[in-house]
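K.L.:
The structure is given below, and queries will be raised subsequently.
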Amino acid sequence: MLLRWYASHARPSSFLRGFHQAVGSQSATTRPLTFVSFPRAQLVIGTRSLLRSALRQQLRPLTGVFASKRSLFDPRYFSSNSAQAPAPESSSEEVTRTSELVDPKPVLTPPPVAYWLLFSSALVFAVIVVGGVTRLTESGLSITEWRPITGVLPPLTAGQWEEEFEKYKATPEFKLINHSIDIQQFKSIFFVEWGHRVLGRLIGVSFIVPFAYFAFRRRVLPRTLVRNLGLLGLLIGFQGALGWYMVKSGLEDSLMDTPGAVPRVSQYRLAAHLGAAFVLYAGMFSTGLSILGDWRWANGAGWSDMRAENAGAEWKNVLQNPAVKRFARYSKALAALVFLTALSGAFVAGLDAGLLYNEFPMMGGRLVPPKEELFSPFYAKKADGSDNWWRNLLENPTTVQFDHRCLAMTTYFSTTALFLASRTPALKAALPPLARRMATSAFAMVNVQLALGISTLLYLVPIPLAAAHQAGSVMLLTTVIHLLVALRKPGAAARAWRSASSSTKSVKL
């Protein structure tokens with residue numbers, strides 16, 4: 001009678017889950033159970049006495065199941081994960097299967113973590129641009145000490161300013177170039193470098209403090225993400241030390257003894273410093289986008305702006321397409337090419353190579369400078385000249401600028417080819433909307449970046465154009481990273497959540 005009353009009044013889906021939990025632990029030989037129709041459940045059971053016994057034994061768990069309020073994504077909510085009352089006579093295989101079913105779903109990182117990472121990447125973007133301005137204004141050698149804590153405050157009194165100015169007067173840059181500046185001019189370059197350093201410290205604090213908060217909260221960050229973000233935190237600290245290591249190269253007194261030497265930082269250390277900043281930015285930005293995309297998809301949105309399906313399997317058909325696989329490989333190669341071109345720009349900046357051959361596309365009336373100028377024996381350090389080829393590639397301003405031109409044009413034509421490929425009928429039908437938009441954005445950005453680069457060269461490297469050119473390299477990398485994220489399959493946690501959500505909907509139906 002109890003079962004007949006419950007089948008008449010309870011919601012069908014709730015009834016099915018509850019009855020399944022009640023009798024699910026019985027052996028297969030004692031529960032030949034079949035549901036025939038809704039809303040009234042008509043049951044075909046083996047014996048009436050068995051049903052009474054099962055209901056008496058499971059009466060209290062049934063009450064707990066139907067009275068409790070659980071979230072939509074609680075794994076115990078689903079009938080497949082709800083066998084919580086083990087039967088005394090269950091086999092070891094059934095116990096193992098039951099213990100696996102009650103395990104919670106993987107941790108799905110919430111959107112606040114994504115917003116924090118995107119904000120951190122915006123700060124890194126800003127510090128890259130400020131670093132470019134610091135180099136262009138030749139302000140990087142104005143602070144001669146590295147004080148990570150006390151250096152937050154600038155000089156506050158006239159005496160402190162005089163002390164800092166005296167320290168700067170002892171540097172090769174002051175003695176060879178800026179020996180005529182006064183203290184007011186010194187303050188202008190000091191504050192540019194000071195702002196760059198303070199912004200770097202702000203990045204460290206704004207990353208480490210929220211990371212510690214999220215890491216110590218339960219079920220917010222999966223272990224893999226904790227490890228990856230921990231590596232990014234270490235990279236921030238390494239970046240600060242690398243920055244000071246770069247500045248030290250421009251403060252060495254040996255520059256005074258080298259004929260024709262110009263007080264500036266090592267182009268090798270400058271490229272390493274800029275490359276680490278790009279890696280840091282790419283890690284934060286791509287991780288934030290991935291977390292946000294996984295969360296939206298797990299909660300029912302379409303993958304990469306595609307039309308959502310109940311099962312959430314639309315991404316499988318796309319990523320299994322051979323044409324899309326090739327497109328994704330080319331996109332990864334393009335990201336590496338953009339990064340390499342940006343690094344070559346650091347060598348151009350470190351050697352002031354942009355002040356040579358201020359014309360385009362010619363270099364001294366030729367597309368390619370003379371061989372003896374590209375591979376001058378002057379740069380070889382070994383007696384046999386075996387290091388001549390690579391030293392010219394990295395230390396000869398003419399060769400460095402020529403390399404940067406070649407890489408820039410290769411990047412331009414590669415991005416254009418990728419964009420044109422995305423417009424072909426086959427890929428236009430196969431690619432998700434977000435990937436097509438990012439390919440178009442990359443093509444638009446590479447045109448802007450080319451125009452900025454040529455203008456910077458023709459106008460003898462003015463500070464606004466050169467700073468915009470450096471910012472443009474980050475923006476181009478941003479569009480390519482977004483393109484790669486658009487072609488990324490959902491994470492394991494997002495797939496588990498989407499599957500659980502789809503199962504819930506099918507049970508309710």
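K.L.:
Which residue pairs have Cβ atoms closer than 8 Å, lie 6 or more positions apart in sequence or on different chains, and pair a first residue in segment 256-283 that is over 30 Å from His482 (Cα atoms) with a second residue that is β-branched (Val, Ile, Thr) and part of a helix (DSSP H, G or I)?
P.N.:
Final answer for the pair search is Val265/Val247.
K.L.:
Here's a follow-up. Of the numbered conditions (1) touching a Leu at 6+ places or on another chain (Cβ under 7 Å); (2) closer than 14 Å to Leu141 by Cβ, Phe211 fails exactly one; give the number of that condition.
P.N.:
That leaves (2) as the condition not met.
K.L.:
Check off (1) crowded, with 17+ Cβ neighbours inside 10 Å; (2) over 19 Å from the mean Cα position of the chain (by Cα) for Ser254 and give me the number that stays unchecked.
P.N.:
Of the numbered conditions (1) crowded, with 17+ Cβ neighbours inside 10 Å; (2) over 19 Å from the mean Cα position of the chain (by Cα), the odd one out for Ser254 is (1).
K.L.:
Tell me, which residue of segment 374-393 that is farther than 13 Å from Phe347 by Cβ and basic (Lys, Arg) is least open to solvent (accessible area, probe 1.4 Å)?
P.N.:
Filtering segment 374-393 for residues that are farther than 13 Å from Phe347 by Cβ and basic (Lys, Arg), the one least open to solvent (accessible area, probe 1.4 Å) comes out as Lys382.
K.L.:
Could you say whether any residue in segment 277-300 is among the charged types (D, E, K, R) and part of a loop (DSSP other than H, G, I, E, B)?
P.N.:
Within segment 277-300, none of the residues are among the charged types (D, E, K, R) and part of a loop (DSSP other than H, G, I, E, B).
K.L.:
Okay, moving on. Among the residues of segment 257-276, how many are among the charged types (D, E, K, R), part of a helix (DSSP H, G or I) and buried (at least 19 other Cβ atoms within 10 Å of the Cβ)?
P.N.:
1
K.L.:
Right, here's the next one. For segment 229-255, how many residues are outside any helix (DSSP H, G or I) and either among the aromatic types (Phe, Trp, Tyr) or without any contact (Cβ under 8 Å) to a residue 60 or more places away in the chain (or both)?
P.N.:
The qualifying residues number 1.
K.L.:
Continuing with the same structure: Look at segment 394-440 and say how many of its residues are more than 23 Å from Ala451 (Cβ to Cβ), open to solvent by 40 Å² or more (accessible area, probe 1.4 Å) and outside any helix (DSSP H, G or I).
P.N.:
Here the count works out to 1.
K.L.:
Hey, another quick one. Here is a check on your reading of the model: is Arg218 outside any helix (DSSP H, G or I), out of contact with any helix residue (DSSP H, G or I) (no Cβ under 9 Å at 6 or more places or on another chain) and within 30 Å of Ser501 (Cα to Cα)?
P.N.:
yes
K.L.:
Could you go through segment 220-237 and let me know if any residue there is open to solvent by less than 30 Å² (accessible area, probe 1.4 Å) and within 19 Å of Leu270 (Cα to Cα).
P.N.:
Scanning segment 220-237, I find at least one residue that is open to solvent by less than 30 Å² (accessible area, probe 1.4 Å) and within 19 Å of Leu270 (Cα to Cα), so the answer is yes.
K.L.:
Residues being open to solvent by 20 Å² or more (accessible area, probe 1.4 Å) and hydroxyl-bearing (Ser, Thr, Tyr): count how many of those fall in segment 448-472.
P.N.:
Total satisfying the criteria: 2.
K.L.:
Turning to a different aspect of this structure: Collect the residues in segment 347-358 that are over 35 Å from the mean Cα position of the chain (by Cα) and open to solvent by 60 Å² or more (accessible area, probe 1.4 Å), keeping them in residue-number order.
P.N.:
Residue satisfying the conditions is Leu356 alone.
K.L.:
Next question. Within segment 348-384, can you find the residues that are among the polar types (S, T, N, Q) and under 17 Å from Glu395 (Cα atoms)?
P.N.:
Taking segment 348-384 as the starting set, the residues that turn out to be among the polar types (S, T, N, Q) are 358, 376.
Within segment 348-384, just Ser376 meets the criteria.
K.L.:
Select from segment 169-217 the residues that are touching a Lys or Arg at 6+ places or on another chain (Cβ under 9 Å) and touching a residue at least 60 places away in the same chain (Cβ under 8 Å) and write down the one among them that is least open to solvent (accessible area, probe 1.4 Å).
P.N.:
Glu173
K.L.:
In the list Thr399, Thr411, which residue meets the criterion of being within 26 Å of the chain's Cα centre (by Cα), of a type in the set (Ser, Thr, Tyr) and over 30 Å from Ala492 (Cβ atoms)?
P.N.:
Thr411
K.L.:
Counting residues that are at pLDDT 95 or above, which helices (runs of 4 or more DSSP H) fully inside segment 92-173 reach at least 3?
P.N.:
Details: elements: 92-101, 111-136, 158-169.
Here the list reads 111-136, 158-169.
The values are calculated or read from the model by the stated rules, or taken from the named source; none is laboratory data. Since the structure is predicted, the reported quantities are computational estimates derived from the model, not experimental observations. Ideal geometry is used to build each Cβ from the backbone, glycine not excepted, and the neighbour counts take in all protein chains shown. Remember, those area values only see protein heavy atoms, side chains included, never the ligands or the DNA or RNA. Shrake-Rupley method; radii C 1.70, N 1.55, O 1.52, S 1.80 Å.
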